Amino acid sequence: SSSRSDQLFYYPADGSIEVYRTDPPGKLQLVHKQTGMRKTWTHLVLGNFNGTSPYHALFFYDAGAGYGEFWIADGQGNLVKFSDYSNLSKGCTAMVTANLVGSNSANDILLYNSSTGSAVIYEVENCKILKEINAPIRSGVRCILAANVSATQWSDLVCYDPAKGEIAIYSTTGDGKLTQFATKAGFPKDWTAMTRGLFRAGPTT
């Protein structure tokens, strides 16, 4: 019931995760450690994958194997495996949670391969993948953010290309098809990460 965010850490060396709660003034208290996890996860995202639950679900992805698992939080720091998928796109370099297709009350997952520019959108509902949609993005992108840029009910994708020092923005109308509608050049070519937030007044991110 706390408005403070919990923290989750993944340790690939021993295949474990630890969940910490945040106590004022900024102290971390271990509430759960879980062992026996896969040691080869390359990406992890949390999202509203499980419908009306007040707690986030997690999706783990192994790029080498093209394998993924959904895990559901029970509100006490414990995680319970819900489903797994062994035929996902392999070799992806980025994974994003966004509302891109189907119901916009639940998050979807986008997997992206920087070398090929190939991207796959997985429509998710109740921690199950319902549909797979190919949605190419320009190659060479290092960072992808889901953000509300066009002020529609669907997520936009902000993509950073370090080789060109460009930001490209893609939008969708809920069918999973991505359309590049804006490009801005002149950015540094050595950024390694991006984040989003509310930094000024207005309806957009």
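The values are calculated or read from the model by the stated rules, or taken from the named source; none is laboratory data. Everything numeric in this text was worked out from a predicted model, so none of it was measured. As a convention, Cβ positions derive from the backbone with ideal geometry for all residues, glycine included, and neighbour counts pool all protein chains shown. The protein model used for the area step is the full one, side chains on, heavy atoms only, and it has no ligands, DNA or RNA in it. Shrake-Rupley method; radii C 1.70, N 1.55, O 1.52, S 1.80 Å.
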Of all residues in region 39-85, how many are modelled with pLDDT of 95 or more and outside any strand (DSSP E or B)?
8
So which residues in region 66-86 are open to solvent by 40 Å² or more (accessible area, probe 1.4 Å) and touching an Asp or Glu at 6+ places or on another chain (Cβ under 9 Å), if there are any at all?
V80, K81, F82, D84, Y85
Would it be correct to say that E125 is touching a residue at least 60 places away in the same chain (Cβ under 8 Å), under 26 Å from G102 (Cβ atoms) and surrounded by fewer than 18 Cβ atoms within 10 Å (Cβ to Cβ)?
yes
Selection from region 135-161 of residues more than 17 Å from the chain's Cα centre (by Cα), over 16 Å from S171 (Cβ atoms) and open to solvent by 20 Å² or more (accessible area, probe 1.4 Å) yields S139, G140
Looking at (1) touching an Asp or Glu at 6+ places or on another chain (Cβ under 9 Å); (2) open to solvent by 60 Å² or more (accessible area, probe 1.4 Å), which is the one condition that is false for K177?
(1)
A63 surrounded by 13 or more Cβ atoms within 10 Å (Cβ to Cβ), of a type in the set (A, V, I, L, M) and touching a Leu at 6+ places or on another chain (Cβ under 8 Å):
no
